[in-house]
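This report concerns only the one structure given below.
The values are calculated or read from the model by the stated rules, or taken from the named source; none is laboratory data. As the structure is a computational prediction, the values presented were derived from the model and not from experiment. Every residue, glycine as well, gets a Cβ built from its backbone with ideal geometry; the counts of neighbours run over all protein chains shown. Note: areas computed on protein heavy atoms with side chains; ligands, DNA, RNA excluded. Shrake-Rupley method; radii C 1.70, N 1.55, O 1.52, S 1.80 Å.
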Amino acid sequence: MVKRLAEVALCQALALALATVATAQNIPLPPLPYDYNALEPHVDEATMRVHHLGHHATYTEKLNVILATLREDPTTKVLAKSGVDALIRNMDSVPASLRTGLRNNGGGFVNHEFFWSIMAPPSNGGGGQPTGGLLEAMQSQFGSFEAFQQAFTKVALDRFGSGWVWLYYSLKSQMLVVDSTPNQDSPMMTEADAAPIVALDLWEHAYYLKHQNKRAAYISAWWNVVNWGRASELFATIPVLKSEL
Ligand code: MN3
């Protein structure tokens, strides 16, 4: 009996140790770079809380299950270490059985982390317009910043159902691109060296509490919190990316 109890205790200790190792390897939910109410009144606190603690947390949890599955197999173990961005940019490297899960949950993980990073409170850099090279590229390609905003808004309104609208730089065509993707897809999934500059979540969970079905009102409010300083910095790093190709 004593021996049996010792065995049970040992098993429990081993299970706990294994669970601790697995948990230690888990990617945590990336924190918001500001308070939940920081984007008020343009993006409301209730939406930010459920969006981050509900939706983004769920994508993160499900991504961790996929990464744990990759780690279990010696032939795919190395992939789990390559970083989520690298996996998204190279979906074909992942076993077909895990690809849909990675597309949805890896996409959801990186898209939301990026989305939080390109917003800022109006009192701390949100709104206005870009500067430097990004503004010049917009003027050259779209005619003006306002014309870019109109093009971006149109693509956002035309996306049927859930998805994202993006401004990204295509290293392949050496141009800024405005386009939308369905679900949690990213331009990086179809163009491995696409460099996202800004993105807007078009899922109803991103605006329904405040704007109900009025996507146009959500987009219009969102311009007040776009972190153009960050977007301009991202654009400025592109020549560095180019030289690394
Ligand atoms: Mn979302």
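Quick look at the values:
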quantity	calculated
Lys210 accessible area, 1.4 Å probe, all protein chains in place, Å² to nearest 10	80
Chain lengthening between Thr75 and Thr58 when straightened (0.36 nm per residue, less Cα-Cα)	3.4 nm
Dipole in debye (nearest 20) - the chain, about Cα centre, beta carbon charges: Lys, Arg +1; Asp, Glu -1	560
Region 119-124 - phi-based ³J(HN,Hα) in whole Hz, Karplus 6.51/-1.76/1.60, Gly and Pro as x	10, 7, x, x, 6, 9
Alpha-carbon centroid distance for the pair region 76-99 / region 102-145, whole angstrom	26
Carbon plus sulfur fraction of accessible area for the chain, probe 1.4 Å, in percent	58
Accessible surface ranking that places the most exposed of Arg49, Arg71 first, with a 1.4 angstrom probe	Arg49, Arg71
Over the chain: helical MRE at 222 nm, DSSP H runs n ≥ 4 each giving -39500 (n - 2.57), nearest 500	-15000 deg cm²/dmol
Positive minus negative residues near Asp92 (Lys, Arg vs Asp, Glu; Cβ under 14 Å)	+2
Number of Lys pairs (Cα under 26 Å; 8 or more positions apart or on different chains) in the chain	7
Cα gyration tensor, region 94-245 - rounded (a/c under 1.5), prolate or oblate	oblate
Net charge over other residues, Cβ less than 15 angstrom from the Cβ of Phe152 (K, R count +1; D, E count -1)	-1
Inter-centroid distance (Cα atoms) of region 30-59 relative to region 217-234, Å	16
Efficiency of FRET between Ala236 and Ala86 - r from beta-carbon atoms, R0 22 angstrom, step 0.05	0.45
